[in-house]
Amino acid sequence: MKKLNRTYVMGIAFIVFAVWVAFQTALIPEKLVSNEPGPKLFPFISAIGMIIMAILSMIFDGKKEKEENEHGAAPYLDKDGWKRLGRIMLECILFCVAMNLIGFWITSMMGMMMFIMTLKVDKKINILFAVVLSVALGSLCYFGFTKGFNIPLPKGVLFEALGIRMP
């Protein structure tokens, strides 16, 4: 019997998860307001995106992993990888706490910068580019949801307590 590599296993797991997300999304009650996509749109887009990315990963990364396994591949997570994974988990928790304290807009910019620095590992990244990317993506998400979709995001209890109005 042929052994499946981890890329195929994870790809299949994500496809199963995406199908579950799509199934759960189909159970959301439909209460459409005129000319609005409704609450099912983004979960369906996410499910379709996960399926497409899993298939692409299985096609391209699966071939690469097969070649690496023939030549002796490195372990999936070495000691530094586990440390980085733990750091990312702590950063996610810190992101959630900070979002409630100082609001989504500022937290998203700081969080993006923090994640970029953690995930770059040994690669050199232009700090100015990372700052501009963090500010642009954080602002795009914040204003896209608050102004474009009229979905309120956390403004931060700290700023509310101090009487500072966030946009």
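Summary of computed values
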{"quantity": "Sole exception among (1) under 25 Å from residue 86 (Cβ atoms); (2) surrounded by fewer than 17 Cβ atoms within 10 Å (Cβ to Cβ); (3) aliphatic (A, V, I, L, M) for residue 112, by number", "calculated": "(2)"}
{"quantity": "Qualifying residue in segment 121-131 (condition: closer than 30 Å to residue 38 by Cα and of a type outside the set (S, T, N, Q))", "calculated": "no"}
{"quantity": "Any pair with Cβ under 7 angstrom, 6 or more apart, that starts in segment 125-152 at a residue that is closer than 18 Å to residue 166 by Cβ and open to solvent by less than 60 Å² (accessible area, probe 1.4 Å) and ends at one that is in a loop (DSSP other than H, G, I, E, B) and modelled with pLDDT under 90", "calculated": "142/153; 146/152; 146/153"}
{"quantity": "Residue ranges of helices (runs of 4 or more DSSP H) in segment 72-164 with at least 2 members basic (Lys, Arg) and closer than 27 Å to residue 6 by Cβ", "calculated": "79-102"}
{"quantity": "Among residues of segment 121-167, those that are within 17 Å of the chain's Cα centre (by Cα) and of a type in the set (S, T, N, Q), counted", "calculated": "2"}
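The values are calculated or read from the model by the stated rules, or taken from the named source; none is laboratory data. Treat the numbers as computed from the prediction; the structure is a model and nothing was measured. Note that each Cβ is placed from the backbone with ideal geometry, even for glycine, and that neighbours are counted across all protein chains shown. Surface areas here come from the heavy atoms of the whole protein model, side chains and all, with no ligands, DNA or RNA. Shrake-Rupley method; radii C 1.70, N 1.55, O 1.52, S 1.80 Å.
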